[in-house]
Amino acid sequence: MDADPRIDRTKPHSARVWNHLLGGEDNYPVDREAGDALLRMFPDFAQVARLQREFLRRAVTYLVAEAGIRQFLDIGAGLPTADNTHEVAQRIAPECRIVYVDNDPLVLVHARALLSGSPEGMTDYVDADVREPGTVLAAAARTLDFARPIGLMMLSIAGQVPDYGLATDLVRRYVAALPSGSHLALSDGVDVNPALVEAVSFYNERAAFPYTLRSPEQLAGYFEGLELVEPGVVSTPLWRRPSGSPQPPATTVHAVCGVGRKP
């Protein structure tokens with residue numbers, strides 16, 4: 001399954017490390033070693049991964065059940081785990097269409113093997129890089145109707161682009177291609193916690209592709225020109241937190257997220 005020569009088993013890869021942190025098995029020893037080292041340096045790292053998955057569930061649920069979105073473009077999908085975008089969306093509206101985008105060959109192998117959508121809807125996969133919006137959008141148009149609103153999911157992907165100006169430009173190019181009524185759901189790690197900054201620096205020295213933490217203000221900048229859904233750009237566990245769930249500590253800001261509607 002992993003015979004693809006593009007798969008480098010000598011360096012940790014973010015998608016596989018994330019999979020390990022979420023308790024998955026689609027990773028290599030080098031990824032587990034990197035993930036375990038991150039946990040020793042920053043014990044909350046696995047919690048960050050779980051909170052982002054919870055944000056995905058809540059964001060997709062909101063977009064389908066309240067905003068009426070029936071199409072999704074998920075860029076930087078990562079390895080399949082529980083409650084992927086298509087599973088959450090199609091549980092509510094089986095006719096939903098989802099296009100996943102990733103450039104890790106192992107991700108694509110597993111996606112094709114494991115991610116099958118509902119008979120009423122459609123699920124497709126694009127082997128492309130976030131830095132190739134023309135390629136991504138042209139391929140997505142084979143499955144999605146760009147005349148109707150689309151939910152653009154960009155979770156922990158803007159941080160894969162080291163230059164903030166380029167990352168911002170890419171987000172805006174993707175949003176510009178979507179019709180009015182579309183939504184951007186985005187989350188990424190932030191540089192507020194010194195222990196997290198140190199752990200990510202350690203990871204970047206060894207990884208195939210580095211990850212860039214940014215300030216909450218920089219992440220908020222990705223939503224410029226969009227109508228923010230309440231409660232705005234906030235710490236990941238605070239976004240539309242279910243009533244009755246424990247209140248996270250106010251100082252816990254490891255990643256922020258938001259959802260914005262294109263007017």
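The values are calculated or read from the model by the stated rules, or taken from the named source; none is laboratory data. Source: prediction; values computed, not measured. Positions of Cβ are backbone-derived with ideal geometry, glycine not excepted, and every protein chain shown enters the neighbour counts. Surface accessibility is based on the protein's heavy atoms, side chains included, excluding ligands, DNA and RNA. Shrake-Rupley method; radii C 1.70, N 1.55, O 1.52, S 1.80 Å.
Listing for the model above:
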{"quantity": "The chain - percent of accessible surface contributed by carbon and sulfur, probe 1.4 Å", "calculated": "53 percent"}
{"quantity": "CD proxy at 222 nm, helix term only [per DSSP H run n ≥ 4: -39500 (n - 2.57); per residue of the chain; nearest 500]", "calculated": "-11000 deg cm²/dmol"}
{"quantity": "Ellipsoid equivalent to the range 33-111 - semi-axes via the Cα gyration tensor, in Å", "calculated": "27, 16, 8"}
{"quantity": "Accessible-area value, R240, 1.4 Å probe, nucleic acids and ligands omitted, Å²", "calculated": "90 Å²"}
{"quantity": "Alpha carbon convex hull of the chain, projected area averaged over orientations, nm²", "calculated": "13.1 nm²"}
{"quantity": "Nearest-10 value in Å² for the accessible area of T135, using the 1.4 Å probe", "calculated": "80 Å²"}
{"quantity": "Extended-chain gain in nm, criterion 0.36 nm per residue less alpha-carbon gap, A138 and S201", "calculated": "19.2 nm"}
{"quantity": "Charge tally in the Cβ shell below 9 Å around R240, where Lys, Arg are +1 and Asp, Glu are -1, R240 excluded", "calculated": "+1"}
{"quantity": "Filtered GluC sites (Glu not before Pro), the range 161-243: DSSP coil and at most 16 other beta carbons within 10 Å", "calculated": "E205, E224"}
{"quantity": "Solvent-accessible surface ranking, highest first, for R214, R142 at 1.4 angstrom", "calculated": "R142, R214"}
{"quantity": "Local net charge near F146, Cβ-Cβ under 15 Å (Lys/Arg +1, Asp/Glu -1)", "calculated": "+4"}
{"quantity": "Listed residue (L166, A147, H86) projecting farthest to the positive dipole end of the range 74-175, Cβ model", "calculated": "A147"}
{"quantity": "For the range 44-79 and the range 120-153, distance of Cα centres in Å", "calculated": "16 Å"}
